[in-house]
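Have a look at this one.
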Amino acid sequence: MSKGPILGEKPEFSGVSDVNVQLVAAGVARGLDDKHRRIMATMTRVKSAYVPTRNDKLVDIPFARMKRAVAGMEPEGFAVSIFAETGMGKSTLIEQRLKDEISFQPLPDGYNNYLYPVLYVKAPSKASMSDLGEQMLDAMGYPITRQKKEAAIVRDVGNYLRRRGTRVVVIDDFQHVLDAPKTKGPAHVADSIKNMLQNPRWPVFIVLVGLPEIKEVVLRDPKDQMLRRVDDFGLLDLSLEADGEMIAAIILELVEKRAGLRMSPDVPADFIERLMFGAHFRFGMVMKIIYHAIEDALEHDESVVCAHHWEEGYRRLVNGDYEANNNVMASDNWRTIHRPVNRNGVFGSLSKKTAN
């Protein structure tokens, strides 16, 4: 096991270069006093840290296969699905991979323009193939200015992918296709993706990212041709044995080095296990608790992150009450505390179960 995390820097917010975003940020900042400006700067440092996990190594496999296929100019593309429950950190992992991967960086085309080997989009809610196509065109800088039929949109997508040199398409939140109208829903989208892979003029490689249910999209292709072209990669949940030491090191790194605070020794001996349990063993949710705890200490002008800050971090994550007996980070019977999480990452009502 690693003795400490090797941190990277997350990609900047995609709208940071937008003039309107900058103007609004500057306007809102006028209402912040010195204390809250310091908190803002500190939390920016904390949240900008990217922490690789076992799942980064897991997704090395599909991306390496795609790089070999593109570099070898293989004539037919393929698709992979990367899936996990809400709060696992799927999108953060993929965005970081696209930022750091040298193979996916823009390339000069020799005519003062650039080629873009990869396209990243998020599927809109209730995404039909037309919706997905429009999203892809907009992300490529070719927004739809008038209503078009689906066939024309799909044709435009293929043409513009070729024009910008894109061989890898990453579609995040792919579970939204399950909510599409049934007449041209998941099976139709799957069939359209299959055709994109087989395009003789410009075959592409596709990464589908989303909740575990995205496997249903693959299986619904009535011709069963999609199934043969998709490899599934389910991200791993945290475990105390495999990841406990890493989480402890992350906490010290973020609390002490990034936030400039100290970690109090007053936390329970089973602190890391409580943290994982309360976050449903999902890495992204663990990180949210850490962020909330640090922010709570800063807001109260405290230089040490203590047990009550972690209690508040958990409470904010689940939007819970202030009763200690209902808080995984405070209760003696924390193993009996259960809160379901829906597909949007929203925690449900508290229930108490008998501890194993």
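The values are calculated or read from the model by the stated rules, or taken from the named source; none is laboratory data. None of these values were measured; they are calculated from a predicted model. Reconstructed Cβ throughout: ideal geometry from the backbone, glycine too, with neighbour counts over all protein chains shown. Remember, those area values only see protein heavy atoms, side chains included, never the ligands or the DNA or RNA. Shrake-Rupley method; radii C 1.70, N 1.55, O 1.52, S 1.80 Å.
Go through the stretch 167-194 and give me each residue that's modelled with pLDDT of 80 or more, open to solvent by 20 Å² or more (accessible area, probe 1.4 Å) and acidic (Asp, Glu). Outline the logic, then answer.
Residues of the stretch 167-194 modelled with pLDDT of 80 or more: 167-177, 192-193.
Next, from what is left, pick out any that are open to solvent by 20 Å² or more (accessible area, probe 1.4 Å): 167, 173, 176.
Asp173 - this is the single residue of the stretch 167-194 that is modelled with pLDDT of 80 or more, open to solvent by 20 Å² or more (accessible area, probe 1.4 Å) and acidic (Asp, Glu).
Right, another one. Quick check on my filter: what residues within the stretch 3-55 are in contact with a Pro (Cβ under 9 Å, 6 or more places away or on another chain) and open to solvent by 70 Å² or more (accessible area, probe 1.4 Å)?
If the condition is that a residue be in contact with a Pro (Cβ under 9 Å, 6 or more places away or on another chain) and open to solvent by 70 Å² or more (accessible area, probe 1.4 Å), then Ile6 is the only one that fits.
Output the number of the condition that Gly260 fails; it satisfies all remaining conditions of (1) more than 22 Å from the chain's Cα centre (by Cα); (2) modelled with pLDDT of 95 or more; (3) farther than 23 Å from Ser351 by Cβ; (4) assigned to a helix (DSSP H, G or I).
Just one mismatch for Gly260, condition (4).
Here are Thr92, Thr86: which of them is open to solvent by less than 30 Å² (accessible area, probe 1.4 Å) and within 22 Å of Asp237 (Cα to Cα)?
Details: Thr92 fails: open to solvent by less than 30 Å² (accessible area, probe 1.4 Å).
Exactly one of Thr92, Thr86 is open to solvent by less than 30 Å² (accessible area, probe 1.4 Å) and within 22 Å of Asp237 (Cα to Cα), namely Thr86.
Go through the stretch 320-356 and give me each residue that's within 13 Å of Met285 (Cα to Cα) and either aromatic (Phe, Trp, Tyr) or in a strand (DSSP E or B) (or both).
Hits for the stretch 320-356 are Val341, Phe347.
While we're on this one: Name every residue in the stretch 134-168 that is free of Cβ contacts under 8 Å to residues at least 60 places away in the same chain and closer than 17 Å to Gln198 by Cα, in order of residue number.
Taking the stretch 134-168 and keeping what is free of Cβ contacts under 8 Å to residues at least 60 places away in the same chain, we get 134-166.
Correct list: Ala151, Val154, Arg155, Asp156, Val157, Gly158, Asn159, Tyr160, Leu161, Arg162, Gly165, Thr166.
Check off (1) open to solvent by 40 Å² or more (accessible area, probe 1.4 Å); (2) part of a loop (DSSP other than H, G, I, E, B); (3) at pLDDT below 95 for Asp221 and give me the number that stays unchecked.
Exception for Asp221: condition (1).
Consider His292 carefully, then state whether it is of a type outside the set (Phe, Trp, Tyr) and in a loop (DSSP other than H, G, I, E, B).
no
Check every one of the helices (runs of 4 or more DSSP H) wholly within the stretch 1-119 and list those with 2 or more residues that are under 30 Å from Lys215 (Cβ atoms).
Values: elements: 19-29, 34-47, 54-71, 90-100.
Per the criteria, 54-71, 90-100.
Within the bounds of the stretch 88-97, is there any residue that is within 13 Å of the chain's Cα centre (by Cα), at positive phi and not hydroxyl-bearing (Ser, Thr, Tyr)? Steps first, please.
Taking the stretch 88-97 and keeping what is within 13 Å of the chain's Cα centre (by Cα), we get 88-97.
Going one step further and asking which of them are at positive phi, we end up with 89.
Pick out the ones that are also not hydroxyl-bearing (Ser, Thr, Tyr) and you get 89.
Yes: the stretch 88-97 contains one or more residues that are within 13 Å of the chain's Cα centre (by Cα), at positive phi and not hydroxyl-bearing (Ser, Thr, Tyr).
List the residue pairs whose Cβ atoms are under 6 Å apart, where the first residue sits in the stretch 314-343 and is touching a residue at least 24 places away in the same chain (Cβ under 8 Å), the second is among the hydroxyl-bearing types (Ser, Thr, Tyr) and assigned to a helix (DSSP H, G or I), and the two are 6 or more positions apart or on different chains.
Note: pairs meeting the criteria are Val328/Tyr314; Met329/Tyr314.
Here is a further query. Filter the stretch 120-134 down to residues that are outside any loop (DSSP other than H, G, I, E, B) and either open to solvent by 10 Å² or more (accessible area, probe 1.4 Å) or among the hydroxyl-bearing types (Ser, Thr, Tyr) (or both) and give me whichever is nearest to Glu95 (Cα to Cα).
Just the residues of the stretch 120-134 that are outside any loop (DSSP other than H, G, I, E, B), to begin with: 120-122, 129-134.
Of the ones still in play, those that are also either open to solvent by 10 Å² or more (accessible area, probe 1.4 Å) or among the hydroxyl-bearing types (Ser, Thr, Tyr) (or both) are 120, 122, 130-131, 134.
Numbers: Tyr120: 8, Lys122: 11, Ser130: 24, Asp131: 22, Glu134: 21 Å.
Out of the qualifying residues, it is Tyr120.
If you check Leu252, Leu298, Leu317, which single one turns out to be more than 21 Å from Gly87 (Cα to Cα), touching a strand residue (DSSP E or B) at 6+ places or on another chain (Cβ under 9 Å) and not in a loop (DSSP other than H, G, I, E, B)? I'd like the intermediate steps shown before the answer.
On the way: Leu298 fails: touching a strand residue (DSSP E or B) at 6+ places or on another chain (Cβ under 9 Å); Leu317 fails: more than 21 Å from Gly87 (Cα to Cα).
One residue alone meets the criteria, Leu252.
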